[in-house]
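The values are calculated or read from the model by the stated rules, or taken from the named source; none is laboratory data. Remember, predicted model here, so these are calculated numbers, not experimental data. Every residue, glycine as well, gets a Cβ built from its backbone with ideal geometry; the counts of neighbours run over all protein chains shown. Surface areas here come from the heavy atoms of the whole protein model, side chains and all, with no ligands, DNA or RNA. Shrake-Rupley method; radii C 1.70, N 1.55, O 1.52, S 1.80 Å.
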Amino acid sequence: MVPIPDSSPRRSFGFRDTLQGFLLNGDLAFAQLLERDLVQQVFARHGALFGGVFHTAVVLWAFMSQVLRDGKEASCQSAVARISSYLARFGMRIPDSNTGDYCKARAKLSEEALHDLCCEVASTTEGNADSSWLWKSKTTYLIDGFTCQMQDTIKNQKAYPQHTAQKPGLGFPIARCVGLISLATGCLVNAAMGRFKGKGTGETALFTRLFGNLKSGDVVVADRHYCSYWLICYLMQLGVHVCFRKHQTRHTDFRKGKRVGKKDHIVVWPRSKRPEWMSKEDYAKLPLEIKLREIGYMIVEPGRKQQPFVIVTTMFEEAGENHVTSEELSALYGFRWNVELDIRSIKSNMNLGFLRCKSPEMIHREFWTTLLAYNLIRSTIALAATMSGVLPRTVSFTSACQYVLASWQEFWNVRNEWSWHTYCEQMLTAISACRVSNRPGRFEPRVVKRRRDQYNLMSEPRPTLRARLAKGDNAFE
């Protein structure tokens, strides 16, 4: 521990500093989105406040700074270096360069508190969303699944076994996740995480864990993987509308049913055969049939991927404010592509594609800290969009990440509240100017042009290869 002269300026790191880089402070709109009192209350509710050099606020800040960075900048050593830099700046004692104390403190962060805080950010952002961001004044959610890998440790392998197609010692533990994402703001409202394979680990099974976030009148948009009889029944019982692409195994004949328009009719689906995982009691509670609306269309614009689409929905064409045309529904399903971009941002920009922690407990903390940081960036985008009068979906997520990181590096240099207010406005204006190009229906072949030199792929466990090297056997190089 290196002593700092008493003449240095002093201050204490609080939850305000944790959030300041996200430009959410001051008198601006959305400014009260995450006050330090709220963050402190959430952690206090779970008994997760702790003190010392590595206290709750500074550890949460350092952890989020890790997930926002990549490579060596995301290491625990780099996080300790950032904490030391802060403490030195304000005349406080610098901790030992060893990362052990920081890692122990990071393990004190409550998984439940991180989860609640992540959902609170999304809920508050959604509640403050401008009405012009909504689809027909309805709260609309996008659903999709993704996978993430993690460090190959014994504990991780036990909790999240690797893919069965991979040989022992050659793969990585893998988890399956399903996210419920707001169409208006892009915030992840909630997520479910489970094993990649096994009973109750499929995407639709994980989705049922998120039903508590849905309320009557909401709309859910998803691809055809979710278009099953039982899932639609469950959502209808909740009063939730669906807009799913019809599953490819179901036949469509627009000559049958009640005709609404061209390739637009109302049909009755009989109850499907009971799946193996569903109990007889739950199956008996399902209705014998459900009435649905099917719409067919094809994109014929030059330069766009041309293929027929059939959409299944519970929204029927009615008079008044509930009037929904086939064109509106086809446009709504077109917004589903946003969830693919959101998941790409979470996995690539936020580095959730590969989790670095070495135990399931810390994996869960890293998972929710990453999603918390993602939602805070989405909230920053919403704030910038509100100031500039644009839609949040038109603002670049990658650029917003870069501005947030730059803000974290600079906000200690801002001397007073008035300067910080001006700084926030300038940065938010710059974020809103980073617009996403209009690329409707863009599609590309999945190939790369640039050739990269790569090492040979591992075909045997590393200890075996190391032993062969020790014997002078280089045949596998």
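The table that follows gives values for the structure above.
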| read-out | value |
| --- | --- |
| Enumeration of residues in region 48-66 that are of a type in the set (Val, Ile, Thr) and surrounded by 22 or more Cβ atoms within 10 Å (Cβ to Cβ) | THR56, VAL58, VAL59 |
| Condition check for VAL324: within 30 Å of the chain's Cα centre (by Cα), open to solvent by less than 30 Å² (accessible area, probe 1.4 Å) and closer than 25 Å to VAL178 by Cα | no |
| Matching residues, region 200-232, being surrounded by fewer than 18 Cβ atoms within 10 Å (Cβ to Cβ) and among the acidic types (Asp, Glu) | ASP218 |
| Residue under evaluation ASP264, criteria (1) open to solvent by less than 30 Å² (accessible area, probe 1.4 Å); (2) without any contact (Cβ under 8 Å) to a residue 60 or more places away in the chain; (3) closer than 12 Å to ILE311 by Cα; (4) not β-branched (Val, Ile, Thr), criterion not met | (2) |
| Selection from region 46-65 of residues that are part of a loop (DSSP other than H, G, I, E, B) and without any contact (Cβ under 8 Å) to a residue 60 or more places away in the chain | LEU49, PHE50, GLY51, GLY52, VAL53, PHE54, HIS55 |
| Residues that are open to solvent by less than 40 Å² (accessible area, probe 1.4 Å), under 16 Å from the mean Cα position of the chain (by Cα) and in contact (Cβ under 8 Å) with a residue 60 or more places away in the chain, drawn from region 343-364 | ILE343, ILE346, MET350, ASN351, LEU352, GLY353, LEU355, ILE363 |
| Failed item in (1) of a type in the set (A, V, I, L, M, F, W, C); (2) in contact with a helix residue (DSSP H, G or I) (Cβ under 9 Å, 6 or more places away or on another chain); (3) at pLDDT 85 or above, with ALA284 passing the rest | (2) |
| Matching entry among SER131, SER85 (being under 30 Å from ALA331 (Cβ atoms) and open to solvent by 30 Å² or more (accessible area, probe 1.4 Å)) | SER131 |
| Selection status of ALA470, surrounded by 10 or more Cβ atoms within 10 Å (Cβ to Cβ) and at pLDDT 80 or above | no |
| Every residue from region 267-283 that is open to solvent by 100 Å² or more (accessible area, probe 1.4 Å) and under 21 Å from HIS225 (Cβ atoms) | LYS273, GLU276, TRP277 |
| Selection from region 68-82 of residues that are modelled with pLDDT of 85 or more and either within 15 Å of GLN402 (Cβ to Cβ) or open to solvent by 10 Å² or more (accessible area, probe 1.4 Å) (or both) | LEU68, ARG69, SER75, CYS76, GLN77, SER78, ALA81, ARG82 |
| Meets criteria (at pLDDT 95 or above and either open to solvent by 40 Å² or more (accessible area, probe 1.4 Å) or among the small types (Gly, Ala, Ser) (or both)) for HIS163 | no |
| Flag for ASP152 being of a type in the set (D, E, K, R) and farther than 30 Å from GLY239 by Cα | yes |
| Pair list, Cβ under 6 Å, 6 or more apart: region 378-389 residue under 19 Å from ILE346 (Cβ atoms), other residue aromatic (Phe, Trp, Tyr) and open to solvent by less than 10 Å² (accessible area, probe 1.4 Å) | THR380/PHE22 |
| Conditions (1) at pLDDT below 85; (2) more than 23 Å from the chain's Cα centre (by Cα); (3) more than 24 Å from GLU126 (Cβ to Cβ); number of the one not met by GLY51 | (1) |
| Unmet requirement for ALA105, which otherwise passes all of (1) open to solvent by 10 Å² or more (accessible area, probe 1.4 Å); (2) touching a helix residue (DSSP H, G or I) at 6+ places or on another chain (Cβ under 9 Å); (3) touching a residue at least 24 places away in the same chain (Cβ under 8 Å) | (1) |
| Close pairs (7 angstrom Cβ cut-off, 6 or more residues apart or separate chains): within 15 Å of ALA382 (Cα to Cα) and modelled with pLDDT of 95 or more in region 172-195, in a strand (DSSP E or B) and aromatic (Phe, Trp, Tyr) anywhere | ILE181/TYR141; SER182/TYR141; LEU183/TRP135; LEU183/TYR141; VAL189/TYR141 |
| GLY71 being within 23 Å of the chain's Cα centre (by Cα) and small (Gly, Ala, Ser) | yes |
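This table checks each residue for (1) of a type in the set (Val, Ile, Thr); (2) over 27 Å from the mean Cα position of the chain (by Cα).
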position	(1), (2)
VAL220	yes, no
LEU238	no, no
LYS263	no, yes
GLU276	no, yes
